[in-house]
Amino acid sequence: MTDREYFIDITSDVCPLTFVKTKLLLEKMPPGALATVRLKGVQPLDNVPRSVKAHGHEIVSLDPEAPQSAPDPRQPHLLVVRRC
């Protein structure tokens, strides 16, 4: 495990670039490390977590960036991933 934090903001990107950038970040990380991915949009919210899991990593959480707001794909969300 590592205490280094990894972060990527893909809110301005579109699929499939959203997952490509996330995958490149995960490949740089040591096993057990956590990454926070800031994303928004229906496709990224569906595709990125699904693809991350399909590549063998763990989804720790996926929550709206503003926790008091109702889930809305147009608003940024934070995806936390553990590299396996």
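Some notes on this structure:
- Compared with the direct C-alpha span, the chain from ARG50 to PHE7 gains 13.6 nm at full extension, assuming 0.36 nm per residue.
- Net charge contributed by nearby residues that have their C-beta within less than 11 Å of GLY41 (K/R +1, D/E -1): -1
- Net charge contributed by nearby residues that have their C-beta within less than 9 Å of LEU78 (K/R +1, D/E -1): -1
- Seen against the Cα atoms of the chain and their longest principal axis, helix 17-28 is set at about 30 degrees.
- The largest-to-smallest principal axis extents of the Cα set in the chain are 33, 27, 19 Å.
- Within the chain, trypsin sites (Lys or Arg not before Pro) in DSSP loop having at most 11 other beta-carbon neighbours inside 10 Å: ARG4, ARG74
- Residue (of ALA35, PRO64, GLN75) at the positive-pole extreme of the chain, dipole from beta-carbon charges: ALA35
All of the numbers you see were taken from the coordinates with simple rules; none came from a lab. These figures come from a predicted structure and were not determined experimentally. Glycine gets a Cβ as well: all are built from the backbone with ideal geometry, and neighbour counts include every protein chain shown.
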